[in-house]
Amino acid sequence: MLLSNLEFVPGCDIVQYLGLVQGSSVRAKHVGRDIMAGLKNITGGELKGYTELLQETRQQAIDRMAQEAQAVGANAVLNIRLSTSSVAAGAAEVMAYGTAVLIRPRQQPGQIQQPGQIQQPGQIQQPQAAPGRPRPPRP
Amino acid sequence: MDVLITIVLTILLLIVGLTIGSWQERRHFRSIREREEALRAILLIPSRYPPNYDQRPYRTELVCGSVVIAMDYFKTFAGSLRQIFGGQISFYETLVERARREAILRMKEEARDKQAQMIFNVKFSTANIMKDKAGNPGGSVEAIAFGTAIIYR
């Protein structure tokens, strides 16, 4: 799965647009971390626990988006945006969304590029018209 | 007596916040400057299209950087005092600057580990971890930077 926040893939043609895919995640740290973060407000400085929380949440949101893209038969997600919102104090919510596309390496010598697991031409399977968008499995 | 204890405790916390907070801020800014110098070779371009498109083969990869930085007690206190009169709150500005530059640096470090030369289409986003439902800040700044790393082969 190729993930990018550009609107195209260098050296590849976009064969098919498969619509918007998104993934979101809300996570929190245990109460000990919250208390430590509150104490850290006296001296200032980086909240390592919350930085970690933000990274985990973001990664999970991106993973879920990639799963959804895979479910609709895409091999790349372009124009990715990350957005955050506040659900509860001490919890991070990150939403990742982008355009799921089917890409194919352009057939020109010297410019062919095969990022990640791009399928070769001829092996591309058309996504079957599923009755309703399949939900990505929840871990 | 209770009032006295509260006042003494508040003053103590203010002093601790001011000394440790400003010491940490100086140290953080020094580290940011050093690392920015070291990572100057990686270009950060907020434009959407790479310039020498189709001349050299390259691949792209998504890179992200994020950081959460807490306010110290003195900054919170001084900031809330400043809000009564309005105007520029320089205590908060340095905090936002630190978070933003640190997020950029972490993104660049990830790009460097992937041997990238440039990062395109850089976007910024902020998260709200320590805010309550009403949106009152709980005293921290959360910054996310993300972009597409260009890796020449």
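The values are calculated or read from the model by the stated rules, or taken from the named source; none is laboratory data. Everything numeric in this text was worked out from a predicted model, so none of it was measured. All Cβ positions, even for glycine, are placed from backbone atoms using ideal geometry, and neighbour counts span all protein chains on display. The accessibility values were calculated without ligands, DNA or RNA, using every heavy atom of the protein model including side chains. Shrake-Rupley method; radii C 1.70, N 1.55, O 1.52, S 1.80 Å.
So the values come out like this:
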| item | result |
| --- | --- |
| Single residue of the stretch A:32-86 satisfying the filter (part of a helix (DSSP H, G or I), at the interface with chain B (Cβ under 9 Å from one of its Cβ atoms) and more than 24 Å from B:Y73 (Cβ to Cβ)) that is nearest to the chain's Cα centre (by Cα) | A:I62 |
| Index of the failed condition, B:T60 passing every other in (1) open to solvent by less than 40 Å² (accessible area, probe 1.4 Å); (2) closer than 25 Å to A:Y50 by Cα; (3) not aromatic (F, W, Y) | (2) |
| Filter result for B:R33 (free of Cβ contacts under 8 Å to residues at least 60 places away in the same chain, surrounded by fewer than 13 Cβ atoms within 10 Å (Cβ to Cβ), away from chain A (no Cβ under 14 Å) and assigned to a helix (DSSP H, G or I)) | yes |
| Qualifying residues in the stretch A:1-15 (those that are under 15 Å from the mean Cα position of the chain (by Cα) and open to solvent by less than 50 Å² (accessible area, probe 1.4 Å)) - the one farthest from the other protein chains (Cβ to nearest Cβ) | A:L2 |
| Qualifying residue in the stretch A:87-107 (condition: assigned to a strand (DSSP E or B), polar (S, T, N, Q), more than 8 Å from chain B (Cβ to nearest Cβ) and surrounded by fewer than 22 Cβ atoms within 10 Å (Cβ to Cβ)) | yes |
| Hey, A:L18 within 11 Å of chain B (Cβ to nearest Cβ), open to solvent by less than 40 Å² (accessible area, probe 1.4 Å), over 20 Å from B:T126 (Cα atoms) and part of a strand (DSSP E or B) or not | no |
| Yes/no for B:I104 being more than 13 Å from chain A (Cβ to nearest Cβ) and either closer than 19 Å to B:G147 by Cβ or surrounded by fewer than 17 Cβ atoms within 10 Å (Cβ to Cβ) (or both) | yes |
| Residue match in the stretch B:38-47 (condition: over 30 Å from A:R33 (Cα atoms) and part of a helix (DSSP H, G or I)) | yes |
| Qualifying residues in the stretch A:52-67 (those that are free of Cβ contacts under 8 Å to residues at least 24 places away in the same chain and more than 23 Å from A:G19 (Cα to Cα)) - the one surrounded by the fewest Cβ atoms within 10 Å (Cβ to Cβ) | A:E52 |
| B:V68, sole failed condition from (1) modelled with pLDDT of 85 or more; (2) facing chain A (nearest Cβ under 8 Å); (3) open to solvent by 10 Å² or more (accessible area, probe 1.4 Å) | (3) |
